[in-house]
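The values are calculated or read from the model by the stated rules, or taken from the named source; none is laboratory data. Only a predicted model underlies this, so the values are computations on that prediction, with no experimental measurement involved. Note that each Cβ is placed from the backbone with ideal geometry, even for glycine, and that neighbours are counted across all protein chains shown. For the accessible areas, the whole protein counts, side chains as well, though only heavy atoms, and no ligand, DNA or RNA atoms are used. Shrake-Rupley method; radii C 1.70, N 1.55, O 1.52, S 1.80 Å.
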Amino acid sequence: MKFVKMQGAGNDYVYIDCFRNPVPEDPRSLAIKVSDRHFGIGSDGLILILPSDKADARMRMFNSDGSESAMCGNGIRCVAKYVLDEGLAAGPGLDIETGRGVLRLESEIGAAGLVERVCVDMGEAILDPDRIPASGFAGNPVVRETLRITDSGLDQAGLAELLEDGLACTLVSMGNPHCVIFVEDVATFPVGQVGPVIEHDAHFPERTNVEFVSIEGPGEVRIRTWERGAGETLACGTGASAVTVALALTTGWRKPVRAHLLGGDLDLEWREDGHVRMSGPAVLVFRGEMEL
């Protein structure tokens with residue numbers, strides 16, 4: 001199986017060109033296999049780049065646990081890079097079909113004639129809890145409501161109490177669900193312990209991504225993301241988009257936002273039409289061939 005590995009702000013996926021190669025029979029099992037960082041290629045998941053009858057290309061994205069997600073903001077930037085660099089479509093503008101519809105992308109071409117950076121119209125933020133989906137919350141939208149979890153199963157000192165006392169959360173969907181929690185110091189927050197508990201909590205019938213965020217200044221945030229089906233990742237584009245919306249809902253900030261993630265920076269804005277625009281890098285890591 002021929003593949004390329006690409007990353008956007010450290011959010012890395014294995015990509016298969018299904019324009020030129022057969023579509024894998026079992027992409028869920030394949031995602032688990034290729035994502036293993038010891039016995040596979042190593043990635044946050046698998047992305048298929050397919051022909052589309054309504055856009056320049058279609059993207060299907062699978063997490064490292066094999067579950068399929070509707071959208072990946074960092075992944076779609078890399079899809080645009082591949083499609084343009086390989087000559088599968090003319091640019092710099094592209095339409096890419098995803099699980100949440102057709103999205104528009106604009107690419108920046110570098111001196112070598114290859115795509116270096118991509119701006120994505122991430123679509124309209126979804127705030128209705130029924131559509132996120134989420135249950136058991138009073139508000140619509142859900143903004144800084146207290147999420148309490150009394151059966152976390154955590155035995156570390158203070159963590160069970162933290163969840164029982166509750167965390168203020170804001171809920172946003174960008175085609176996949178996000179629970180945004182603002183904390184004082186995201187660098188020291190126990191993301192690896194608290195993230196999976198919230199991901200699997202009964203408030204979220206389809207599980208949820210969780211963003212832990214510190215505000216560092218006007219329009220500047222630092223984010224750590226626990227991704228549904230993948231664990232903590234170096235970056236999440238839909239998560240950064242959700243944080244941009246949550247920042248506006250909680251503080252009133254509707255100007256551009258610079259998001260600092262473990263793998264790099266993204267630039268975002270929640271526009272008056274309700275759409276979020278996100279700009280960030282798209283990088284080819286290597287090409288290879290794997291025996292299945």
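Here are the numbers:
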| read-out | value |
| --- | --- |
| Inter-site label distance for Arg104 and Glu291 at 7 Å from Cα along Cβ, in nm | 4.8 |
| As computed over the range 128-201, the Cα convex hull volume per residue (Å³) | 97 |
| Stretchable slack from Glu164 to Met1, in nm (0.36 nm times residue separation minus alpha-carbon distance) | 53.9 nm |
| Net charge, Arg104 excluded, C-beta distance under 11 Å - Lys, Arg +1, Asp, Glu -1 | -3 |
| Shape call, the range 1-115: gyration tensor on alpha carbons, a/c limit 1.5 | prolate |
| 1.4 Å probe accessible area per residue over the range 1-102, in Å² | 37 |
| Three principal axis lengths of the chain [C-alpha, angstrom, descending] | 53, 42, 32 |
| Average accessible area per residue (Å²) across the range 124-233 - probe 1.4 Å, nucleic acids and ligands excluded | 43 |
| Accessible heavy-atom area order of Lys2, Lys33, highest first, probe of 1.4 Å | Lys2, Lys33 |
| Solvent-accessible surface (1.4 angstrom probe) belonging to Arg104, in square angstrom, nearest 10 | 100 |
| Thr150 accessible area, assembled protein chains, probe 1.4 Å, Å² | 110 |
| Leu114 paired with Asp26, simple spin-label distance in nm, labels 7 Å along Cα-to-beta-carbon | 3.4 |
| Straight-distance crosslink candidates among lysines, where the alpha carbon sits under 18 Å from Lys33 and sequence neighbours closer than 8 are dropped | Lys2, Lys5 |
| Within-14-Å neighbourhood charge of Ile16 [Cβ basis; K, R +1; D, E -1] | +3 |
| Gain upon complete extension [Arg254, Arg271; 0.36 nm per residue less C-alpha separation] | 5.4 nm |
| Carbon plus sulfur fraction of accessible area for the chain, probe 1.4 Å, in percent | 47 |
| GNM result for the chain, Cα springs below 10 Å: residue of Val23, Val34, Val118 fluctuating most strongly | Val23 |
| Proximal lysines relative to Lys54, as straight alpha-carbon distance under 21 Å, when same-chain residues fewer than 8 apart are discounted | Lys81 |
| Relative contact order (percent, whole number), the chain, Cα cutoff 8 Å, 6+ residue spacing | 20 |
| Potential lengthening between Asp65 and Asp95 on full extension [0.36 nm per residue; Cα-Cα distance subtracted] | 8.0 nm |
| Distance between modelled label sites at Arg131 and Asp151, nm, 7 Å Cα→Cβ extension | 3.2 |
| Value of Rg to Rh for the range 204-260 (Rh from inverse mean 1/r over Cα pairs, i.e. Kirkwood) | 0.98 |
